[in-house]
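Everything below concerns the one structure shown next.
What follows is calculated from the coordinates using simple rules that are stated; it is not laboratory data. Nothing here was measured: the structure is a model prediction, and the numbers come from that model. Cβ sites come from the backbone with ideal geometry, for glycine too, and all protein chains shown count toward neighbours.
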C-alpha cells in the first residue's frame, strides 16, 4: 500500500513534496517556519501535474504554529459526515435473515503535526456530493455514495483510497428489507491497515420494520486476520455500543407531489 | 454643616447607610444573576430564551429592590398603590399601543414563529433577528441597517422565516427555444446539478415542464441545498446552466413575435413598391 503516503514525514526547508491518492493531489512545503499545504483534484487540474510546483490555479494555505516543526503526520480517516450509501442493484433481504455485506467508502486524509498531533487539515480523496437524510423539517446532511454491496471481496480490486466496511444486516421484521440505500454512520468506526488495504471494524444493523428505528451496533469485531495493533485511525466520535436511529427510511416524499 | 449634623443626629443616617448598602450589594448581584441566566438559558435552549430570562430576572430584582429601598426610607406603599389604581386607568388609555405590543410580544414568545439569529422577512424587510423584546423585534438587514418592528405589527402581518428548516429549494426558471430537444435539455440540467457543489443529491433535483411560452418552452428546475448555502447555489447554478447551454449550443431565446399573412405556414411576403421614391429621398438626405 502507499506506505510512502501514510505515516510521519519530514519536510525540508524550501523543498516541495507531492503525493496523490484517489483524485486528490497534495503539495507540502516548509518555508519561513511555516507549513504550506496546497491541494487539487484530478478533474479540476488541467495539463501536466508537476510534483515540485502545483498549478497556478491551486492556492497555498500557510500554517504557523508555536511548535515550529517540519514533521507532519498523514493519516487516513473516515469522512466527516455520515454517508447515504446506495446499492448499485437493489438487494432484498427476506424476514428473519442475516447477511454480511462489504461496502467500500472513500477515505479522507488528515494532515497533522507529528509532534503534538495538532490537526492542520482534512481532505477527501474523492469529492462526494452531499445529500439529505430525513424529512424537509429535520434530518441530517450526509455524503452520497454508491456501493456494490458485495458479499465476497475476492474479485474486488485493491484501492488505496477506500476503506472496506463489513456490515451485518439482520432483518428482524416480518417484512422484506429493501437494501437499496441506508444511512451509514461512520464516525464511530476505526480504520485498520491490513494486507495493503484499509479495513473498518464491523457494524451490525438490526432492522425492525419501516416505521421503527433500526439498531446500529458497533460490535468492534475485526475482520479475520486483523489485530488491534494494526489500527491507523481512531473513531471521530467516542464509541457507544449501539444507537437506535433511522437508517433505511428517508421520509422525504412530497417533492414529486408538490413540485411547486 | 450644622444641618448635616442635625440630620445625622436625628437618626436618619442609619437608614441611608442601609439603603446604600442594599443598593451596592444588590445591583452587582442582579447583574451577575442576569449574566448567569442569559448564559445558562442560551446554552441549554436558545439565545432568545437567554435574553428573556436575563431581562425577567433583572427587572423582577429591580422591582423588589425599589420596594425594599422605599420601605427602608419609610415611604409607605399603600397610598402609592391607591394612586396607582387611578394613574393606571389614565396610563391604560394613554398606552394602549404599548400594552398591545407587550401582549403581542407574549404571543410571539409563546408561539415562537422565529428565534434570535433566524432570518425573517416581514413586508419587504428581510434581516437577521437581533432580539425579541417586550415591545418590538429588532432586525439587522443585509445592507447593515437596524430595523425596529413593533410586536403588534408582526402579529398582524405575514412573517416568513427563511431559516426555520435546514434545507431549502431553489426554483430556477429555464427557457429554451422550441427547436431544442427537451430530453437533451433535461440531461444537461441534471448534469449541471450533479456537478454543482451546493446542490443536494437527495431530495433529487426535479425538472417540470412548466408551459409553452410565447417565445420559448418554459421549464422549472428545482434544486435543493442546505439553507446556509442557498444563495451560493442560486448564484453558481444559474451561471453553470448558462455556460453549459452555451457549450452545448442550446438556445435561450429572447422574446420575439412571428408575423404571418393569414396562414401560419406561409411567411409574410415583403414587396418593394416605391423604390424610386425611396432612392429620391435618400438622395435628398445626402444633398
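Our compactness index for segment A:15-151, the C-alpha radius of gyration over the empirical 2.2 N^0.38 Å, is 1.34. For peptide B:111-119, the mean count of partner chain Cβ atoms within 10 Å of a residue's Cβ comes to 0. With 10 Å bins beginning at zero, the pair-distance distribution over Cα atoms of chain B amounts to 5, 15, 16, 16, 13, 10, 9, 6, 5, 3, 2, 1, 0 %. Helix B:77-94 axis versus longest C-alpha principal axis of chain B: approximately 20°, rounded to the nearest ten.
Computed over segment B:1-127, the range of Cα coordinates on each principal axis works out to 67, 38, 24 Å, biggest value leading. Geometric descriptor of segment B:167-248, per residue, is 84 Å³ (volume of the convex hull of the Cα atoms). Only Cα sites of the protein assembly as shown enter the Debye sum here, all with the same form factor; the resulting log10 I(q)/I(0) across q = 0.10, 0.11, 0.12 1/Å is -1.08, -1.20, -1.32, listed in q order. Rg/Rh for segment B:93-242 (Cα atoms only, Rh after Kirkwood) is 1.15. Peptide packing: for A:224-234, B:42-52, the average count of neighbouring Cβ atoms within 10 Å per residue gives the ranking B:42-52, A:224-234, highest mean first. One equal scatterer on each Cα of chain A, no solvent, Debye formula: the resulting log10 I(q)/I(0) at q = 0.08, 0.12, 0.15 Å⁻¹ is -0.38, -0.79, -1.11.
Where the centroid of each part is defined by its Cα atoms, how far is segment A:118-136 from segment A:168-234 in Å? If you average the Cα positions of each part, the centres end up 19 Å apart. Taking every residue in B:44-50 and counting other chain Cβ atoms within 10 Å of its Cβ, the average works out to 0. Annotation: peptides A:97-106, B:169-178, ranked by per-residue average of other Cβ atoms within 10 Å with the highest first, follow the order A:97-106, B:169-178. Peptides A:42-49, A:166-173, B:32-39, ordered by how many other C-beta atoms sit within 10 Å of their residues on average, highest first, read A:166-173, B:32-39, A:42-49. Shown here: segment B:112-171, whose C-alpha atoms stretch 35, 24, 19 Å along the first, second and third principal axes, sorted largest to smallest.
Where Rh is the Kirkwood radius over the Cα pairs of segment B:2-75, the temperature 4 °C and the viscosity 1.567 mPa s, what D in µm²/s does Stokes-Einstein return? It would help to have the intermediate numbers written out before the result.
Values: Rh = 14.1 Å.
Value of D from the Cα-based Kirkwood radius: 92 µm²/s.
Taken along the Cα-to-beta-carbon direction at a fixed 7 Å, the label points for residue A:90 and residue B:24 span 8.1 nm. Panel order for B:60, A:87, by other beta carbons found within 10 Å of each beta carbon, from fewest to most: B:60, A:87. Inter-chain Cβ neighbour count for B:201-210, averaged per residue, equals 5 (cutoff 10 Å, partner chain atoms only). Among beta bridges identified by DSSP and lying wholly in the protein assembly as shown, the antiparallel ones come to about 90 percent. The separation of segment A:1-77 from segment B:87-140, counted between C-alpha centres, amounts to 54 Å.
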